[in-house]
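The values are calculated or read from the model by the stated rules, or taken from the named source; none is laboratory data. Being a predicted model, the structure only gives us computed values, none of them experimental. Cβ: placed from backbone, ideal geometry, glycine included. Neighbour counts: every protein chain shown. Please note that ligands, DNA and RNA were not included when accessible areas were found on the heavy atoms of the full protein model with its side chains. Shrake-Rupley method; radii C 1.70, N 1.55, O 1.52, S 1.80 Å.
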Amino acid sequence: PIGFHNLSFYMLDEDTIGHDDVIGKVSLSREYISSQPRGIDSWINLSRVDPNEEVQGEISLELQVLKEAHRRVLCCHVIEARDLAPRDISGTSDPFARVLWNGQVLETAIIKKTRFPHWDEVLEFVLEEEMVGGALLTVEVWDWDMVGKNDFLGRVEFSLDALQKAPLKGWYRLLPFPSAEEDAGGKLGALRLRVRLAEDRILPSRYYQPLIDLLVESILCPPEEKDDITPLAVLEEVCSVESRQDVATKLVKIFLGQGIVVPFLNYLNLREVSRTTDPNTLFRSNSLASKSMEQFMKVRKRQGNILLFLDSNRKHIGLP
(Lines give C-alpha, C1' and ligand atoms only; values in the text may rest on other atoms or scores of the structure.)
Protein backbone atom coordinates (compact mmCIF):
# COMPACT_ATOMS: atom_id res chain seq x y z
CA PRO A 1 0.00 0.00 0.00
CA ILE A 2 1.07 3.55 -0.74
CA GLY A 3 0.76 4.72 2.88
CA PHE A 4 2.73 1.98 4.64
CA HIS A 5 5.28 2.96 7.29
CA ASN A 6 7.15 -0.25 8.08
CA LEU A 7 7.69 -3.65 6.49
CA SER A 8 8.22 -6.39 9.11
CA PHE A 9 9.30 -10.01 8.78
CA TYR A 10 8.71 -12.42 11.68
CA MET A 11 10.54 -15.68 12.28
CA LEU A 12 8.33 -18.22 14.07
CA ASP A 13 8.82 -21.58 15.72
CA GLU A 14 5.83 -23.71 14.74
CA ASP A 15 4.04 -25.50 17.57
CA THR A 16 1.55 -28.28 16.88
CA ILE A 17 -0.20 -27.45 20.17
CA GLY A 18 -0.89 -23.88 21.18
CA HIS A 19 0.44 -20.70 19.61
CA ASP A 20 3.59 -20.56 17.50
CA ASP A 21 6.55 -18.99 19.29
CA VAL A 22 8.06 -15.81 17.89
CA ILE A 23 11.85 -16.10 17.53
CA GLY A 24 12.48 -12.56 16.32
CA LYS A 25 11.78 -10.04 13.62
CA VAL A 26 13.32 -7.72 11.07
CA SER A 27 11.58 -4.37 10.63
CA LEU A 28 12.42 -2.03 7.74
CA SER A 29 11.07 1.51 7.60
CA ARG A 30 9.73 2.95 4.38
CA GLU A 31 12.35 5.68 4.54
CA TYR A 32 15.17 3.14 4.71
CA ILE A 33 13.82 1.08 1.82
CA SER A 34 13.31 4.22 -0.28
CA SER A 35 16.91 5.31 0.39
CA GLN A 36 18.17 2.17 -1.38
CA PRO A 37 17.31 2.76 -5.07
CA ARG A 38 18.81 -0.58 -6.11
CA GLY A 39 17.04 -2.40 -3.31
CA ILE A 40 18.26 -4.27 -0.24
CA ASP A 41 20.02 -7.61 -0.55
CA SER A 42 21.76 -8.57 2.69
CA TRP A 43 21.70 -10.55 5.92
CA ILE A 44 19.96 -8.66 8.73
CA ASN A 45 20.04 -9.73 12.37
CA LEU A 46 16.75 -10.60 14.03
CA SER A 47 15.64 -8.35 16.88
CA ARG A 48 13.55 -9.29 19.89
CA VAL A 49 9.80 -8.81 19.70
CA ASP A 50 8.23 -6.55 22.34
CA PRO A 51 4.39 -6.74 22.35
CA ASN A 52 4.25 -3.04 23.26
CA GLU A 53 6.02 -2.18 20.01
CA GLU A 54 3.80 -4.27 17.73
CA VAL A 55 1.42 -1.46 16.82
CA GLN A 56 -0.15 -0.28 13.60
CA GLY A 57 -3.00 1.86 12.35
CA GLU A 58 -4.24 5.39 12.86
CA ILE A 59 -6.72 7.23 15.06
CA SER A 60 -8.99 10.12 14.10
CA LEU A 61 -9.09 12.89 16.70
CA GLU A 62 -10.35 16.46 17.12
CA LEU A 63 -8.61 18.40 19.90
CA GLN A 64 -9.20 21.95 21.09
CA VAL A 65 -9.08 24.22 24.13
CA LEU A 66 -12.38 26.00 24.80
CA LYS A 67 -12.64 29.14 26.95
CA GLU A 68 -15.77 29.26 29.05
CA ALA A 69 -16.91 31.87 31.58
CA HIS A 70 -14.55 31.03 34.42
CA ARG A 71 -12.48 28.16 33.12
CA ARG A 72 -10.73 26.56 30.18
CA VAL A 73 -11.71 23.08 28.97
CA LEU A 74 -9.55 20.68 27.00
CA CYS A 75 -11.87 18.77 24.65
CA CYS A 76 -10.74 15.51 23.08
CA HIS A 77 -13.15 14.20 20.46
CA VAL A 78 -12.23 10.55 19.88
CA ILE A 79 -13.86 9.77 16.54
CA GLU A 80 -12.59 6.45 15.18
CA ALA A 81 -9.54 4.30 14.41
CA ARG A 82 -8.54 2.12 11.49
CA ASP A 83 -6.27 -0.82 10.71
CA LEU A 84 -5.52 -1.62 14.34
CA ALA A 85 -3.30 -4.60 15.14
CA PRO A 86 -5.24 -7.85 15.69
CA ARG A 87 -4.80 -9.12 19.24
CA ASP A 88 -7.48 -11.81 19.55
CA ILE A 89 -7.44 -15.31 18.09
CA SER A 90 -10.32 -14.26 15.81
CA GLY A 91 -8.02 -11.81 14.01
CA THR A 92 -9.74 -8.76 15.51
CA SER A 93 -9.54 -6.75 18.75
CA ASP A 94 -11.87 -5.23 21.35
CA PRO A 95 -10.48 -1.69 21.28
CA PHE A 96 -11.09 1.25 23.56
CA ALA A 97 -9.32 4.60 23.81
CA ARG A 98 -7.75 5.96 26.98
CA VAL A 99 -6.96 9.68 27.31
CA LEU A 100 -4.42 10.80 29.92
CA TRP A 101 -4.01 14.38 31.06
CA ASN A 102 -2.26 15.74 34.17
CA GLY A 103 -2.78 12.55 36.17
CA GLN A 104 -6.39 12.16 35.08
CA VAL A 105 -7.61 9.27 32.93
CA LEU A 106 -10.80 9.00 30.87
CA GLU A 107 -11.82 6.10 28.65
CA THR A 108 -14.21 5.49 25.78
CA ALA A 109 -16.57 2.57 25.42
CA ILE A 110 -15.24 -0.81 24.29
CA ILE A 111 -16.07 -1.77 20.71
CA LYS A 112 -16.12 -5.56 20.36
CA LYS A 113 -14.49 -7.61 17.62
CA THR A 114 -13.23 -4.98 15.18
CA ARG A 115 -10.04 -3.39 13.94
CA PHE A 116 -11.95 -0.33 12.71
CA PRO A 117 -13.79 1.01 15.81
CA HIS A 118 -16.05 4.06 15.69
CA TRP A 119 -16.47 5.80 19.06
CA ASP A 120 -17.55 9.39 18.38
CA GLU A 121 -17.10 10.34 22.04
CA VAL A 122 -16.01 13.66 23.56
CA LEU A 123 -13.83 13.51 26.69
CA GLU A 124 -13.22 16.77 28.60
CA PHE A 125 -10.63 17.96 31.12
CA VAL A 126 -10.71 21.24 33.06
CA LEU A 127 -7.42 23.11 32.69
CA GLU A 128 -5.87 24.63 35.78
CA GLU A 129 -4.72 28.22 35.45
CA GLU A 130 -1.11 27.45 36.36
CA MET A 131 -0.86 24.66 33.79
CA VAL A 132 2.33 25.08 31.73
CA GLY A 133 2.23 24.86 27.96
CA GLY A 134 4.69 21.98 27.70
CA ALA A 135 2.32 19.50 29.36
CA LEU A 136 1.33 16.52 27.21
CA LEU A 137 -2.03 15.04 26.33
CA THR A 138 -1.72 11.32 25.59
CA VAL A 139 -4.24 9.22 23.70
CA GLU A 140 -3.75 5.46 23.94
CA VAL A 141 -5.63 2.60 22.31
CA TRP A 142 -5.96 -0.76 24.08
CA ASP A 143 -7.47 -4.14 23.39
CA TRP A 144 -9.78 -5.12 26.24
CA ASP A 145 -9.39 -8.65 27.60
CA MET A 146 -11.88 -10.27 29.93
CA VAL A 147 -9.14 -12.47 31.38
CA GLY A 148 -5.62 -11.21 31.92
CA LYS A 149 -4.09 -7.86 31.02
CA ASN A 150 -5.31 -5.56 28.27
CA ASP A 151 -3.10 -5.45 25.18
CA PHE A 152 -1.49 -2.22 24.04
CA LEU A 153 -2.43 -1.06 20.49
CA GLY A 154 -0.62 2.27 20.20
CA ARG A 155 -0.46 5.85 21.40
CA VAL A 156 -0.07 9.43 20.25
CA GLU A 157 0.90 12.59 22.17
CA PHE A 158 0.11 16.31 21.82
CA SER A 159 1.56 19.31 23.63
CA LEU A 160 -0.69 21.87 25.27
CA ASP A 161 1.24 24.61 23.45
CA ALA A 162 0.12 23.26 20.06
CA LEU A 163 -3.50 22.90 21.18
CA GLN A 164 -3.65 26.47 22.53
CA LYS A 165 -2.40 27.89 19.23
CA ALA A 166 -5.01 26.19 17.05
CA PRO A 167 -7.42 23.23 17.16
CA LEU A 168 -6.13 19.98 15.73
CA LYS A 169 -8.17 17.55 13.64
CA GLY A 170 -7.10 14.64 11.51
CA TRP A 171 -5.75 11.11 11.35
CA TYR A 172 -2.73 10.40 13.52
CA ARG A 173 -0.43 7.41 13.31
CA LEU A 174 -0.35 5.24 16.42
CA LEU A 175 3.15 4.78 17.85
CA PRO A 176 4.72 2.30 20.30
CA PHE A 177 6.01 3.18 23.73
CA PRO A 178 9.43 4.88 23.43
CA SER A 179 12.28 2.38 23.36
CA ALA A 180 15.69 1.89 21.85
CA GLU A 181 15.12 -1.05 19.53
CA GLU A 182 18.32 -2.93 18.82
CA ASP A 183 19.04 -6.23 17.19
CA ALA A 184 20.15 -9.10 19.38
CA GLY A 185 23.69 -9.04 18.03
CA GLY A 186 23.09 -12.15 15.98
CA LYS A 187 22.09 -14.25 19.00
CA LEU A 188 18.62 -14.83 17.51
CA GLY A 189 19.95 -15.50 14.03
CA ALA A 190 19.70 -13.50 10.85
CA LEU A 191 17.39 -13.32 7.86
CA ARG A 192 18.55 -12.73 4.31
CA LEU A 193 16.22 -10.33 2.54
CA ARG A 194 15.92 -8.96 -0.96
CA VAL A 195 13.60 -5.96 -0.93
CA ARG A 196 13.02 -3.18 -3.45
CA LEU A 197 10.35 -0.50 -3.42
CA ALA A 198 8.66 0.02 -6.78
CA GLU A 199 5.75 2.42 -6.49
CA ASP A 200 2.76 2.19 -8.81
CA ARG A 201 -0.01 4.73 -8.38
CA ILE A 202 -3.24 3.05 -9.46
CA LEU A 203 -6.26 5.13 -10.44
CA PRO A 204 -9.86 3.86 -10.68
CA SER A 205 -10.25 1.52 -13.66
CA ARG A 206 -12.39 3.97 -15.63
CA TYR A 207 -9.36 6.20 -16.17
CA TYR A 208 -7.52 3.39 -17.96
CA GLN A 209 -10.39 2.13 -20.09
CA PRO A 210 -9.79 4.42 -23.12
CA LEU A 211 -6.16 3.22 -23.31
CA ILE A 212 -7.22 -0.42 -22.94
CA ASP A 213 -9.77 0.04 -25.71
CA LEU A 214 -7.07 1.41 -28.02
CA LEU A 215 -4.70 -1.47 -27.28
CA VAL A 216 -7.42 -4.09 -27.72
CA GLU A 217 -8.42 -2.49 -31.04
CA SER A 218 -4.92 -3.25 -32.34
CA ILE A 219 -5.63 -6.97 -31.83
CA LEU A 220 -9.32 -7.24 -32.68
CA CYS A 221 -9.05 -5.00 -35.74
CA PRO A 222 -5.56 -5.70 -37.12
CA PRO A 223 -4.26 -3.45 -39.91
CA GLU A 224 -4.77 -4.56 -43.48
CA GLU A 225 -1.29 -3.52 -44.52
CA LYS A 226 1.82 -4.71 -42.77
CA ASP A 227 3.21 -1.19 -42.40
CA ASP A 228 0.03 0.35 -40.98
CA ILE A 229 0.53 1.91 -37.54
CA THR A 230 -1.57 0.74 -34.58
CA PRO A 231 -1.67 2.06 -31.00
CA LEU A 232 0.13 -1.06 -29.79
CA ALA A 233 2.85 -0.59 -32.43
CA VAL A 234 3.32 3.02 -31.28
CA LEU A 235 3.66 1.87 -27.67
CA GLU A 236 6.25 -0.69 -28.73
CA GLU A 237 8.30 1.93 -30.55
CA VAL A 238 8.32 4.54 -27.79
CA CYS A 239 9.08 2.32 -24.76
CA SER A 240 12.73 2.26 -23.81
CA VAL A 241 14.87 -0.85 -23.44
CA GLU A 242 14.91 -0.39 -19.66
CA SER A 243 11.11 -0.23 -19.42
CA ARG A 244 10.23 -3.11 -21.75
CA GLN A 245 10.03 -5.71 -18.99
CA ASP A 246 7.58 -3.58 -16.99
CA VAL A 247 5.54 -2.75 -20.09
CA ALA A 248 5.41 -6.42 -21.10
CA THR A 249 4.27 -7.46 -17.62
CA LYS A 250 1.39 -4.98 -17.64
CA LEU A 251 0.36 -5.77 -21.23
CA VAL A 252 0.18 -9.50 -20.50
CA LYS A 253 -2.03 -8.79 -17.48
CA ILE A 254 -4.30 -6.55 -19.56
CA PHE A 255 -4.77 -9.04 -22.39
CA LEU A 256 -5.17 -11.97 -20.00
CA GLY A 257 -7.98 -9.99 -18.41
CA GLN A 258 -9.53 -9.35 -21.83
CA GLY A 259 -9.25 -13.05 -22.77
CA ILE A 260 -7.18 -12.38 -25.90
CA VAL A 261 -3.63 -12.92 -24.71
CA VAL A 262 -2.81 -15.46 -27.47
CA PRO A 263 -3.84 -13.09 -30.30
CA PHE A 264 -1.82 -10.41 -28.54
CA LEU A 265 1.30 -12.60 -28.47
CA ASN A 266 0.70 -13.61 -32.11
CA TYR A 267 0.57 -9.94 -33.06
CA LEU A 268 3.87 -9.08 -31.35
CA ASN A 269 5.67 -12.21 -32.56
CA LEU A 270 4.57 -11.77 -36.18
CA ARG A 271 5.74 -8.14 -36.08
CA GLU A 272 9.05 -9.25 -34.63
CA VAL A 273 9.57 -11.98 -37.25
CA SER A 274 8.60 -9.68 -40.11
CA ARG A 275 11.14 -7.06 -39.00
CA THR A 276 14.01 -9.52 -38.55
CA THR A 277 16.47 -9.22 -41.43
CA ASP A 278 19.22 -11.49 -40.13
CA PRO A 279 18.36 -15.08 -41.22
CA ASN A 280 20.17 -16.44 -38.15
CA THR A 281 18.05 -14.44 -35.71
CA LEU A 282 14.45 -15.31 -34.91
CA PHE A 283 13.88 -13.17 -31.81
CA ARG A 284 15.77 -10.41 -30.08
CA SER A 285 16.07 -11.21 -26.40
CA ASN A 286 15.25 -7.66 -25.33
CA SER A 287 12.28 -7.07 -27.63
CA LEU A 288 8.75 -6.47 -26.38
CA ALA A 289 7.70 -9.73 -28.04
CA SER A 290 10.28 -11.85 -26.20
CA LYS A 291 9.65 -10.08 -22.89
CA SER A 292 5.90 -10.64 -23.26
CA MET A 293 6.40 -14.32 -24.10
CA GLU A 294 8.63 -14.71 -21.06
CA GLN A 295 6.10 -13.05 -18.78
CA PHE A 296 3.20 -15.10 -20.18
CA MET A 297 5.08 -18.35 -19.61
CA LYS A 298 5.75 -17.35 -16.00
CA VAL A 299 2.08 -16.63 -15.42
CA ARG A 300 0.88 -19.84 -17.02
CA LYS A 301 3.66 -22.22 -16.06
CA ARG A 302 1.39 -24.16 -13.71
CA GLN A 303 -1.45 -24.54 -16.17
CA GLY A 304 -0.13 -27.26 -18.48
CA ASN A 305 1.19 -26.95 -22.00
CA ILE A 306 0.91 -23.68 -23.90
CA LEU A 307 -0.25 -23.72 -27.51
CA LEU A 308 0.54 -20.71 -29.66
CA PHE A 309 0.26 -19.76 -33.31
CA LEU A 310 3.46 -18.08 -34.34
CA ASP A 311 3.23 -17.74 -38.10
CA SER A 312 0.75 -16.95 -40.82
CA ASN A 313 0.34 -20.65 -41.68
CA ARG A 314 -0.89 -21.25 -38.09
CA LYS A 315 1.60 -23.98 -37.37
CA HIS A 316 1.22 -25.25 -33.84
CA ILE A 317 4.17 -24.88 -31.52
CA GLY A 318 3.78 -26.50 -28.13
CA LEU A 319 5.68 -25.06 -25.22
CA PRO A 320 6.07 -27.17 -22.08
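May I ask which of Lys169/Lys250; Lys25/Lys149; Lys67/Lys113; Lys113/Lys149 have a Cα-Cα span longer than 28 Å here? Spell out each step's value before the answer.
Details: Lys169/Lys250 40 Å; Lys25/Lys149 24 Å; Lys67/Lys113 38 Å; Lys113/Lys149 17 Å.
The answer is Lys169/Lys250; Lys67/Lys113.
Ordered by 1.4 Å accessible area with all protein chains kept, His70, His5 run largest first as His70, His5.
A 1.4 Å probe over all protein chains sorts Val261, Val273 by accessible area into Val273, Val261, starting with the largest. Sorting Trp119, Trp43, Trp171 by solvent-accessible area of protein heavy atoms yields Trp43, Trp171, Trp119, largest first, with a 1.4 Å probe. Rolling a 1.4 Å probe across all protein chains gives Leu106 an accessible area of roughly 60 Å².
Computed with a 1.4 Å probe over protein heavy atoms only, the accessible area of His118 comes to about 110 Å².
Of the residues Ser90, Val105, Gly24, the one whose Cα sits farthest towards the positive end of the charge dipole of the stretch 2-106 is Val105 (charges of +1 on Lys and Arg Cβ, -1 on Asp and Glu Cβ, taken about the Cα centre). Within the same chain, aspartates and glutamates fewer than 8 places from Lys165 are excluded, and of the rest, those with a Cα less than 15 Å from its Cα are Glu62.
Projecting label points 7 angstrom from Cα along Cα→Cβ for Arg30 and Gln209 puts them 3.1 nm apart.
What number in nm² do you get for the stretch 86-235 if you take the convex hull of its Cα atoms and divide its surface by four?
19.0 nm²
Please report the carbon-and-sulfur percent of the accessible area for the stretch 102-249; probe 1.4 Å, protein heavy atoms only, DNA, RNA and ligands left out.
Carbon with sulfur: 53 percent of the solvent-accessible area.
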